[in-house]
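Peer 1: Questions regarding the structure given below will be posed in turn.
The values are calculated or read from the model by the stated rules, or taken from the named source; none is laboratory data. In this text, all values refer to a predicted model and were calculated from it rather than measured experimentally. Backbone-built Cβ (ideal geometry, glycine too); neighbour counts: all protein chains shown.
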C-alpha cells in the first residue's frame with residue numbers, strides 16, 4: 001500500500017513542479033510551495049501590463065476620425081485617470097489572487113453618495 005501512495009503523490013507532484021519551475025522539489029518529494037503556484041498563475045493571467053481601451057479611441061488622431069472617436073478618446077483618458085487614482089492595477093491583482101485561490105473573482109462598481117464618487 002505505501003508504494004501506491006508514493007506513486008500517487010509523485011503523479012500529483014509532477015505538474016506542480018513543472019508549473020512553478022521547482023524541479024528540485026520534485027526530487028525531494030515535496031508538493032511545492034502553494035504561494036509560488038499562486039504567483040506563477042497570477043503572472044500568466046495578468047501578463048506584464050493591463051490597459052484600459054475604449055473601442056474607437058485609437059482613431060481619434062487620424063486625418064478622418066470616425067464619428068464618436070473624439071468622445072471615445074476622451075472617455076478612455078478619463079477612465080485611465082480614474083484607474084490611476086483608484087489604484088486599479090492593485091485591485092485587479094487582489095481580485096485575481098483571490099480568484100486563483102478560491103476559483104472566482106468579482107468586480108462591482110457602485111456610486112458612493114457620501115463621498116460622491118465611484119467605489120469598487
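Peer 1: Which of (1) in a helix (DSSP H, G or I); (2) more than 12 Å from the chain's Cα centre (by Cα); (3) under 19 Å from residue 107 (Cβ atoms) is the odd one out, the single condition residue 45 does not satisfy?
Peer 2: Residue 45 satisfies all of (1) in a helix (DSSP H, G or I); (2) more than 12 Å from the chain's Cα centre (by Cα); (3) under 19 Å from residue 107 (Cβ atoms) except (2).
Peer 1: Within the stretch 84-120, work out how many residues are in contact with a strand residue (DSSP E or B) (Cβ under 9 Å, 6 or more places away or on another chain) and under 17 Å from residue 39 (Cβ atoms).
Peer 2: So the count comes out to 0.
Peer 1: Which ones in the stretch 62-83 are loosely packed, with under 14 Cβ neighbours inside 10 Å and either touching a strand residue (DSSP E or B) at 6+ places or on another chain (Cβ under 6 Å) or within 30 Å of residue 36 (Cβ to Cβ) (or both)?
Peer 2: None; the set is empty.
Peer 1: Can you name the number of the only condition in (1) modelled with pLDDT under 75; (2) surrounded by 11 or more Cβ atoms within 10 Å (Cβ to Cβ) that residue 45 fails?
Peer 2: Here residue 45 clears every test but (1).
Peer 1: If you go through the stretch 91-103 one residue at a time, how many are in contact with a helix residue (DSSP H, G or I) (Cβ under 8 Å, 6 or more places away or on another chain) and either exposed (fewer than 10 other Cβ atoms within 10 Å of the Cβ) or touching a residue at least 60 places away in the same chain (Cβ under 8 Å) (or both)?
Peer 2: Residues flagged as in contact with a helix residue (DSSP H, G or I) (Cβ under 8 Å, 6 or more places away or on another chain) and either exposed (fewer than 10 other Cβ atoms within 10 Å of the Cβ) or touching a residue at least 60 places away in the same chain (Cβ under 8 Å) (or both) within the stretch 91-103 amount to 2.
Peer 1: Restricting to the stretch 28-39, name every residue that is surrounded by 15 or more Cβ atoms within 10 Å (Cβ to Cβ) and either at pLDDT 80 or above or not in a loop (DSSP other than H, G, I, E, B) (or both).
Peer 2: Residues satisfying the conditions are 36, 37, 38.
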